[in-house]
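Here's the structure, in structure tokens; my notes come after.
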2 protein chains.
Amino acid sequence: MTKPRFVSAADVARLAGVSRSAVSRAYTPGAAVSEAARKRIHAAAEELGYRVNRLARTLHQDRSDLVGLVGGNFSNPYIAAQLDALSCALQGRGLQCLLMNTATAGADVSEHLARLLDYRVRNVVLLSGAAPDDLIRLCAQNGARMVLINRPPPPEGTQADLILADSARGGRLAAERLIAAGCRRVAVVVSGSRTTAKKARAEAFCAVMAARGVAVTTWADGANAYVTGVEAARSLLAQPGLDGIFGVTDEIALGVLNTARHELGLSVPGDLSVIGFDDAPISEWSSHGLTTIRQSLDALTAATLEAIDRPAEAPPTRFAVPVELVERTTVA
Amino acid sequence: MTKPRFVSAADVARLAGVSRSAVSRAYTPGAAVSEAARKRIHAAAEELGYRVNRLARTLHQDRSDLVGLVGGNFSNPYIAAQLDALSCALQGRGLQCLLMNTATAGADVSEHLARLLDYRVRNVVLLSGAAPDDLIRLCAQNGARMVLINRPPPPEGTQADLILADSARGGRLAAERLIAAGCRRVAVVVSGSRTTAKKARAEAFCAVMAARGVAVTTWADGANAYVTGVEAARSLLAQPGLDGIFGVTDEIALGVLNTARHELGLSVPGDLSVIGFDDAPISEWSSHGLTTIRQSLDALTAATLEAIDRPAEAPPTRFAVPVELVERTTVA
DNA sequence: GCACAGATTGCACAGCTGTGCAGTGACAGC
DNA sequence: GCTGTCACTGCACAGCTGTGCAATCTGTGC
């Protein structure tokens, strides 16, 4: 048996008895081919299992159909939902998703990110994780448009669309809700690797609390993950007094909530109110019922799509995604 | 401003004052280039932001670095964890992940899957969802190796590696555990879109129950998702009598568990025992503490990697992934 | 100074597609 | 029967890289 090879247009042309150009044209809408030839070519292609090589096509055109999706922890429930929604939407436009996990151990993240450009992606979408400056420069030099979701704005003058949920408003909403619940001693839990978006949530929260004369403890340590919430709860709730906790991420807030309820035996919202940020699908589950600040996934996805649809030479834009309070059962 | 273009090797060659071949060689390990030339080339590349075009490279070689990852619902916690682990592992080997979401609405799934071949992926890994026969044929014709994870074996003679968790053993373990807990009337919840793997889990479970003279109700309806578990619990537990439920997926089992506990006010494991299958990260959370059958993610990932590493002409193989019972707090 | 080995270098082609351009044939109009 | 039009068709090249092969250069031994 000969070693298997990808079927090329030349193979199809040979079988159909036409020139290779004809095959190419048969797959180009609006190109000049006779109906008879097109039929014969499609039949031959079907028989051989031919598919147009998009790599070669990309080589010839100057934009590819590839979009780079960059993220850190895909098992974070909100990121996973985002990935799910975004990949569906992109495919709906005929675009393909090249995944890049920045959590790959031991490797130079910057190098891995740059790898995306090796595939001539037309866009790079940053879902989570930091954007090294040299990556941004690389994208600009190669004409790949960047989309930053809830990331800090890049240095002056660089080409990147920003999609920003209203972190400040979200932080304020969370603070006001806790105050309305009667909380007098609260804490905010940020991860150690705090992105500007998360910092902004926490800062807005603290500002409101300060204005109302409520003392705030800030817990900023550990990865941006469930265990951080767990550890924060253990430490913060070691001695009594705290009556409200804001987790800057649903995942963190769920760690706090579960530890308070099931490990420390506290009643939520009786003894303690907990509020999160994101509105991940599992926050709604009856095992949690987490009150949280929703950043609409639909709006986020729509904005990303819009950013991607812009022509390469269009000036960078900033998209604002609204947030809203979702009342459930973890705040008094 | 001129429209941005990708930097090519010719641009670098011009700047460095060498031939284009030299640039190519400077990026090929072991190729003959003088140290001085290599340095000059790398400097020029750095200045321009050049990166080797892997699309063109793929064109020339006959294997690409692209692996197609196909899945249906990435927000399923186990699938998300799998995606996370697998993308890390693949990148660690210098491979890239092309994502394909089969849940894309309104489109022909088969067509979308075939799209993967347009990018000349060297492997197609099927994480979830069905594998249409024509996709398998297409892969074979184009020499792309397929890896099916917990999928039914393809028709005789087709080239595809199988990675199978021991579904039957898992189903038996679940049944025996429920029997040991003293359950006398049990149910198994399968989704409507039942894959063979999930069917096998359910069947093995039923077989053991039948042998022990325990009546089993089978609930097979709805998507493979959390809400299926919710609906199943509402329907199955409408009248009392049931004392054990096996969800063929953790996600389903969690739907059952939460509905029983928080909506129907049942005590688990007091009134009802619940057991799942997968061991997703969130099953361990103290809000759930789900007793389940673990299919080791590490083993799954390792087997996938091994399958991918095999040369294209190697005969297809079957990898068995062991399962084990993980005791937590939802079975008496 | 010369021959020779070894290290570099550049040319030219392969790999696969899209497309401008010229060429072929059919067919209508006279 | 001749000519102009029009729909196809195929050639040849561009787009970017890897690599065999021949050519060039460097240095060494005599």
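The values are calculated or read from the model by the stated rules, or taken from the named source; none is laboratory data. Predicted, not measured: the structure shown is a model, and the values here were computed from it. Glycine also receives a Cβ, built like all others from the backbone with ideal geometry; neighbour counts cover every protein chain displayed.
At-a-glance table
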| quantity | calculated |
| --- | --- |
| Residue match in the stretch A:165-175 (condition: in a strand (DSSP E or B) and in contact (Cβ under 8 Å) with a residue 60 or more places away in the chain) | yes |
| Count of residues meeting criterion [surrounded by fewer than 21 Cβ atoms within 10 Å (Cβ to Cβ) and under 17 Å from A:Ala225 (Cβ atoms)] in the stretch A:177-194 | 3 |
| Residue list for the stretch A:144-154, restricted to those being part of a loop (DSSP other than H, G, I, E, B) and crowded, with 19+ Cβ neighbours inside 10 Å | A:Ala144, A:Asn150, A:Arg151, A:Pro154 |
| Any hit, the stretch A:270-283, residues being charged (D, E, K, R) and surrounded by fewer than 19 Cβ atoms within 10 Å (Cβ to Cβ) | yes |
| Residue within the stretch B:277-292 that is among the polar types (S, T, N, Q) and at pLDDT below 95 present | no |
| Matching residues, the stretch A:116-135, being within 11 Å of another protein chain (Cβ to nearest Cβ) and not basic (Lys, Arg) | A:Leu116, A:Leu117, A:Asp118, A:Tyr119, A:Val121, A:Asp134, A:Leu135 |
| Given (1) in the same structural domain as B:Gln141 (by TED's automatic domain parsing); (2) of a type outside the set (Phe, Trp, Tyr); (3) within 16 Å of DNA strand D (Cβ to nearest atom); (4) not in a loop (DSSP other than H, G, I, E, B), index of the condition B:Glu111 fails | (3) |
| Single residue of A:Gly49, A:Gly30, A:Gly71 found to be at positive phi and away from DNA strand C (no atom under 11 Å from the Cβ) | A:Gly49 |
| The stretch B:71-86 residues that are without any contact (Cβ under 8 Å) to a residue 12 or more places away in the chain, paired with ones that are aromatic (Phe, Trp, Tyr) (beta carbon under 9 Å, 6 or more apart) | B:Ala80/A:Phe74; B:Ala80/B:Phe74; B:Asp84/A:Phe74 |
| Meets criteria (charged (D, E, K, R) and without any contact (Cβ under 8 Å) to a residue 40 or more places away in the chain) for B:Asp298 | no |
| Boolean, A:Ala181 is away from every other protein chain (no Cβ under 14 Å), farther than 18 Å from A:Ser128 by Cα and at pLDDT 95 or above | yes |
| Index of the failed condition, A:Gly157 passing every other in (1) within 14 Å of chain B (Cβ to nearest Cβ); (2) part of a helix (DSSP H, G or I) | (2) |
| Matching residues, the stretch A:64-104, being of a type in the set (Gly, Ala, Ser) and more than 7 Å from chain B (Cβ to nearest Cβ) | A:Ser64, A:Gly68, A:Gly71, A:Gly72, A:Ala85, A:Ala89, A:Gly94 |
| One residue from B:Tyr27, B:Tyr78 being within 39 Å of the chain's Cα centre (by Cα) and within 30 Å of A:His60 (Cβ to Cβ) | B:Tyr27 |
| Subset tally (residues that are crowded, with 18+ Cβ neighbours inside 10 Å and of a type in the set (Ser, Thr, Tyr)) for the stretch B:287-332 | 6 |
| Filter result (more than 14 Å from chain A (Cβ to nearest Cβ) and over 22 Å from B:Val147 (Cα atoms)) within the stretch B:275-313 | B:Ile275, B:Thr291, B:Thr292, B:Ile293 |
| Filtered residue count, the stretch A:195-221, keeping only those that are of a type in the set (Val, Ile, Thr) and surrounded by fewer than 17 Cβ atoms within 10 Å (Cβ to Cβ) | 3 |
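So that you can scan it fast, the table gives a plain yes or no per residue for (1) more than 9 Å from every other protein chain (Cβ to nearest Cβ); (2) modelled with pLDDT of 90 or more:
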| residue | (1), (2) |
| --- | --- |
| B:Val23 | yes, yes |
| B:Ala37 | yes, no |
| B:Tyr50 | no, no |
| B:Arg54 | no, no |
